[in-house]
Amino acid sequence: MRHIALGCVGRLLFAEADVEPVGAEQVYLYNHYDPLREVTDLAGLLTQLLRHPAPADRTMVQMAERLGLSHAEIIAVMLALMVEEEPMVGRVLAHIQAPVGGSRPALGMLEAALAPLSGAPGWVSGALLAGPAIASGALQLLNQQAPLPEQTVKMPMGLALLLRDKPLLWPGCRDLSQAAGVRLPLSTLETAARHAATLQGCVHGVLVLRSASKAEARAVAAEIAAQLQCAPWLIATADNDLAGLGVACLIGGRLPVFEYDMGAEAQVLVPELAGYEGPRLVLTGPDGQVKTARGSLKQWQLMPPPESERRQLWLEYLQHAALANQLAGAHIHSSGRIAELAELAQREARLQQRERPDIHDIRRAAWEAEAGALGNLAQPMTAEIPDEALVLSKSVDHELQQLLARCRAREHLDASLGVTIKVRYQQGVRCLMTGASGTGKTLAASWLATRLGLPLYRVDLAAVVSKYIGETEKNLAALLARAEHSEIVLLFDEADSLFGKRTDVKDSTDRFANSQTNYLLQRIEFYRGIVVLTSNSRERFDAAFTRRLDKIIEFPLPNPQERRALWQAHLGDQHQLNTKQINQLAAASDLAGGHIRNAVLTAAVAAQAAQRPIAFADVVSALMGEYRKLGRQFPSELRRYGTG
């Protein structure tokens, strides 16, 4: 077909028999035109070549058939392709189109050259402009501000490579076929096969894959593409020109995959690819709304696999049956999270010159995987709190033990219960801890995370809450999605500032605040992780929110016996206080554990400066400072022992 394309152009110069070629460009053109000089039916010859294409033209013919290109469009496309692969063709076109045209085919030149192929007198340029070649992006119209005859056409470079059976390369796009690293369980593979079957032959069908793990979503996309016998093609839409990409997907056997990071209120319209009517995949997190202008749209929320499949995945990664059993039973991890932790744990084991990872490597990996992942929205609380560090009343201790049991049983808690529970059961656990400052709420949250073997992150409310409409919801969506995927415990200190009572709408500020609360109420209800909220009072919360809580634990001020245990736990063994003095502190000073901690730290500073153990006077003086901070009267029975 290249000879026909150049022959059509050569006819413009050498239609008269006595014209001799002059110069390299004319000689090159004449050599392609001369064998066709005697052909009177170029359209018929082209039809024969389309029926029996040369090997180099087969992909071009396939594209022409699937797009329904006319003869004139086929030759215009061929000329645009040849310009990209042969410098001499560009020089020839520049020579023919001089002085106005450049090295790409201009509509004026095509109007004259392709007239023999149009089949009937007519406006060839108009047919090109209205035809599927330009509509699909196989040809792109350039310099559209110029007069119509001077406007030129080009072919996208990626499509030109594909038409010559070269690997498809497109700016901002990449093949996901090698999305390695994430093994998928059997249930996911079976569901992927069913979705692929529904997409087969579906015109403009869209499947939205929702997961907080990009790696897992990409692995599922690769599996669906394999089921459809094509390659998954990740398309970055932000800075990518999609013109012609649909044709490349059509003839190159690519499945378009779009990926978005969306907040709670975000909406996205799935791009349409001109010339392509097949299925499209969208990868995104749990929030946001995806729409399509044409075709049907289905959603698939990727969930953590059941315990048996998690056990198999851990076993495949770690080759350690006992550890696989322990991890699968204790943690509800997604396939993507298991792959992430297994890789980090194996690196840690190699660093420590051990053959395979242990449970401590997995726990370190869980912390390392979150390093920086939550940005400035939450800060890690890495302290491990043993049982003996938690000094609480028997009733509060009992409540915490119940909370721990609920967290451990959350995956299978509904298994033997009635249908009313099962249809609405959510695996998440939401607990509110209320009480005065210093009563041990934050310490209890750290103890819970320690016993569960999970990372604990304190939410930074100043970073989460934004004055800009929609930003708070977006921040919370990102935070909760990442926490859900990573199975970390989230701690909302002073949570009433976020989850407080809704107000009557008097202005736009009230409406804005209420919309934030509404989003939180809905999102927390369906959150699959563990959330601990603390506040000084439960009365500050919206009633609709407290109904959604699984447990509310009141932390009262400690009684004298509990204060005695707190003093002993904080002072340790290296001090000079006797039993009577500790009893005296517990009886006279009615402060909470947080203030006792501050007093011990202040006393330790004075003792270290004097290079001796902590003395009773050090503690009493430090206590005076705590009472001054609170604006309260210091107990008279202790005053004579202090120096402050």
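The values are calculated or read from the model by the stated rules, or taken from the named source; none is laboratory data. Keep in mind it's a predicted model, so treat the numbers as computed, not measured. So basically every Cβ, Gly included, is an ideal-geometry build from the backbone, and we count neighbours across all protein chains shown.
Would you confirm whether or not the stretch 36-44 contains a residue that is touching a helix residue (DSSP H, G or I) at 6+ places or on another chain (Cβ under 7 Å) and under 14 Å from Val153 (Cβ atoms)? Taking every residue of the stretch 36-44 in turn, none turns out to be touching a helix residue (DSSP H, G or I) at 6+ places or on another chain (Cβ under 7 Å) and under 14 Å from Val153 (Cβ atoms). Checked across the stretch 573-582, the condition of being assigned to a loop (DSSP other than H, G, I, E, B), in contact with a Cys (Cβ under 8 Å, 6 or more places away or on another chain) and not charged (D, E, K, R) holds for no residue. So which of Gly90, Gly102 ends up being in contact with a Lys or Arg (Cβ under 8 Å, 6 or more places away or on another chain), surrounded by fewer than 20 Cβ atoms within 10 Å (Cβ to Cβ) and of a type outside the set (Ser, Thr, Tyr)? Step by step, each of Gly90, Gly102 is checked, and only Gly90 is in contact with a Lys or Arg (Cβ under 8 Å, 6 or more places away or on another chain), surrounded by fewer than 20 Cβ atoms within 10 Å (Cβ to Cβ) and of a type outside the set (Ser, Thr, Tyr). In the stretch 60-87, of all residues being among the acidic types (Asp, Glu) and touching a residue at least 40 places away in the same chain (Cβ under 8 Å), the one that is surrounded by the fewest Cβ atoms within 10 Å (Cβ to Cβ) corresponds to Glu85. The residue pairs whose first member lies in the stretch 352-377 and is within 22 Å of Ala483 (Cβ to Cβ), whose second member is among the hydrophobic types (A, V, I, L, M, F, W, C) and assigned to a loop (DSSP other than H, G, I, E, B), and whose beta carbons are closer than 9 Å, counting only pairs six or more residues apart or on different chains, are Arg363/Leu454; Ala366/Leu454; Ala366/Ile488; Glu370/Ile488; Leu374/Ile488.
When the helices (runs of 4 or more DSSP H) confined to the stretch 1-59 are screened for residues that are farther than 19 Å from Glu73 by Cβ, among the aliphatic types (A, V, I, L, M) and without any contact (Cβ under 8 Å) to a residue 60 or more places away in the chain, those reaching at least 1 such residues are found at 23-33. In the stretch 584-600 there is no residue matching the filter, namely being touching a strand residue (DSSP E or B) at 6+ places or on another chain (Cβ under 7 Å) and farther than 24 Å from Glu494 by Cα.
If you check Ala383 against the conditions, is it within 34 Å of the chain's Cα centre (by Cα), aliphatic (A, V, I, L, M) and loosely packed, with under 15 Cβ neighbours inside 10 Å? Considered against the rule, which asks whether it is within 34 Å of the chain's Cα centre (by Cα), aliphatic (A, V, I, L, M) and loosely packed, with under 15 Cβ neighbours inside 10 Å, Ala383 comes out as yes. When Leu255 is tested against (1) free of Cβ contacts under 8 Å to residues at least 24 places away in the same chain; (2) buried (at least 21 other Cβ atoms within 10 Å of the Cβ), only condition (1) is not met. Evaluating Ile553 against the criteria (1) crowded, with 19+ Cβ neighbours inside 10 Å; (2) touching a His at 6+ places or on another chain (Cβ under 7 Å); (3) under 30 Å from Cys407 (Cα atoms) leaves one unmet condition, (2). Where helices (runs of 4 or more DSSP H) sit wholly within the stretch 171-263, none has at least 2 residues that are under 20 Å from Leu297 (Cα atoms), acidic (Asp, Glu) and in contact with a strand residue (DSSP E or B) (Cβ under 6 Å, 6 or more places away or on another chain). Scan the stretch 350-368 for residues that are surrounded by 18 or more Cβ atoms within 10 Å (Cβ to Cβ) and of a type in the set (A, V, I, L, M) and jot them down. Selection gives Ile362, Ala365, Ala366. Can you work out which of the residues in the stretch 418-454 that are charged (D, E, K, R) and without any contact (Cβ under 8 Å) to a residue 24 or more places away in the chain is surrounded by the fewest Cβ atoms within 10 Å (Cβ to Cβ)? Selected residue: Arg424.
The condition of being touching a Pro at 6+ places or on another chain (Cβ under 9 Å) and polar (S, T, N, Q) holds for only one of Gln312, Gln319, that being Gln312. Only one of the listed residues (Pro21, Pro53) is touching a Phe, Trp or Tyr at 6+ places or on another chain (Cβ under 6 Å), surrounded by 11 or more Cβ atoms within 10 Å (Cβ to Cβ) and in the same structural domain as Glu111 (by TED's automatic domain parsing). That residue is Pro21. Inside the stretch 455-478, residues that are of a type in the set (A, V, I, L, M), modelled with pLDDT of 85 or more and either surrounded by fewer than 21 Cβ atoms within 10 Å (Cβ to Cβ) or in contact with a His (Cβ under 6 Å, 6 or more places away or on another chain) (or both) make up a count of 0.
With the requirement that a residue be farther than 10 Å from Thr382 by Cβ and under 29 Å from the mean Cα position of the chain (by Cα), what does the stretch 438-448 give you? Selection gives Ala445, Leu448. Going by the structure shown, is Lys291 closer than 17 Å to Ser211 by Cα and surrounded by fewer than 20 Cβ atoms within 10 Å (Cβ to Cβ)? Judged against the criteria, Lys291 is not a match. One residue is enough: does the stretch 428-435 have a residue meeting the conditions closer than 23 Å to Ala369 by Cα and not aliphatic (A, V, I, L, M)? So far as the stretch 428-435 goes, yes, one or more of its residues are closer than 23 Å to Ala369 by Cα and not aliphatic (A, V, I, L, M).
Scanning the stretch 273-306 for residues that are among the charged types (D, E, K, R) and either assigned to a strand (DSSP E or B) or closer than 30 Å to Ser334 by Cα (or both) yields Arg280, Asp287, Lys291, Lys298.
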